[in-house]
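K.L.:
Below is a structure I'd like to ask you about.
The values are calculated or read from the model by the stated rules, or taken from the named source; none is laboratory data. None of these values were measured; they are calculated from a predicted model. Neighbour counts run over all protein chains shown; Cβ positions are idealised from the backbone, glycine included.
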Amino acid sequence: MHKPRKIKKSNRQKSTVELTEAEWEIMKVLWEKEPCAAGTVQETLTKSKNWAYSTVKTTMDRMVEKGFLKIERVRNLQLFSCCISKIDAKRGEFRKMLKRAFDGALTPMMQFLIEYEGLSKEQASQLRKLVDKAKAKKRKINQ
């Protein structure tokens, strides 16, 4: 069994995970069906992707080397499981976009979303509630 490699640490928080488009597709299947064999992943992706089994298996083996997946051998069957969560994957994708488009700054990103992407009244209300909740949490920590 391969040991997961250490994933680089971010300045602010937990590990940063950066998945390719193909890795994202594979992870989505595994998060739903793990543990499973490469053939199961390939069959599931047949509906949306026309990837050969060898392409899926090679990609998954590389993901093991990167520390994103682990393999458990049951007789002659290799079962793959995730080493990273959906949250860590989303966090990595978000940080990559934030750094690239907004030099890592949240405020300009939020301003851009509000000014150019538009928010419905419901979305604006939800955003206010999240900000209020974060403020309350910070107050509790500082007391």
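K.L.:
Working carefully through the options Met97, Met27, Met109, Met60, find the one that is assigned by TED's automatic domain parsing to the domain that holds Leu119 and at pLDDT 90 or above. If you could, list the steps in order and put the result at the bottom.
P.N.:
Numbers: Met97 fails: assigned by TED's automatic domain parsing to the domain that holds Leu119; Met27 fails: assigned by TED's automatic domain parsing to the domain that holds Leu119; Met60 fails: assigned by TED's automatic domain parsing to the domain that holds Leu119.
Checking each option against the conditions leaves just Met109.
K.L.:
Among the residues in the stretch 30-38, are any at pLDDT 90 or above, in contact with a Gly (Cβ under 8 Å, 6 or more places away or on another chain) and not in a helix (DSSP H, G or I)? Spell out the reasoning first.
P.N.:
Residues of the stretch 30-38 at pLDDT 90 or above: 30-38.
With in contact with a Gly (Cβ under 8 Å, 6 or more places away or on another chain) added as a condition, the list becomes none.
Checked against the condition, which is being at pLDDT 90 or above, in contact with a Gly (Cβ under 8 Å, 6 or more places away or on another chain) and not in a helix (DSSP H, G or I), the stretch 30-38 yields no hits at all.
K.L.:
Under 7 Å between Cβ atoms, which residue pairs at least 6 apart in sequence (or on different chains) link something in the stretch 108-126 that is under 22 Å from Met97 (Cβ atoms) with a partner that is of a type in the set (Val, Ile, Thr)?
P.N.:
none
K.L.:
What's the number of the only condition in (1) out of contact with any helix residue (DSSP H, G or I) (no Cβ under 7 Å at 6 or more places or on another chain); (2) crowded, with 18+ Cβ neighbours inside 10 Å that Glu72 fails to meet?
P.N.:
Here Glu72 meets the rest and fails (2).
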